Amino acid sequence: MRFGKKGKLHPRYAGPYIILKKVGKVAYELELPAELATVHLVFHISLLKKCVDDPSSIVPLESVAVKDSLTYEEEPVEILDRQVRRLRNKEVTSFKVLWRSQSVEEATWVEATMKAKYPYLFPSDSIPA
């Protein structure tokens, strides 16, 4: 039985689900939700994938303001770095931005439009847009 979409776009794995018990040497019984009641509970280990719980990757729902259109806008917290790249006859300024629900390692480089949209991140006028 396929989970969700059919064809190339169907997900390879569904879950994560809790393992209830080991059945034999190479099979496990899983705790499946009610909507998967028609699926057999025992799976061969070749059909399972290990799921490692990483608490740092979980974003608390209270900190994300989801709009009615099921989108949200990530807000920057701090400008970590700045670089100026020269392209033929003009210079392009980029800023390394730390976002609200991400760690420092996940900071991204953004073009210079940041100063117009988030002026509170640029307290001094010494940083050009």
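Derivation of every value follows stated rules applied to the coordinates shown; laboratory data play no part. Source: prediction; values computed, not measured. In this analysis, Cβ positions are derived from the backbone assuming ideal geometry, glycine residues included, and neighbour counts consider all displayed protein chains.
Exposure proxy ranking for S94, S46, based on other Cβ atoms within 10 angstrom of each Cβ and starting from the fewest, stands as S46, S94. Take the Cα of K25, step 7 Å toward its Cβ, do the same at A37, and the gap between the two points is 3.7 nm.
The local environment of S94, defined by Cβ-Cβ distances under 14 Å, has a net charge of +3 under the rule Lys, Arg +1 and Asp, Glu -1.
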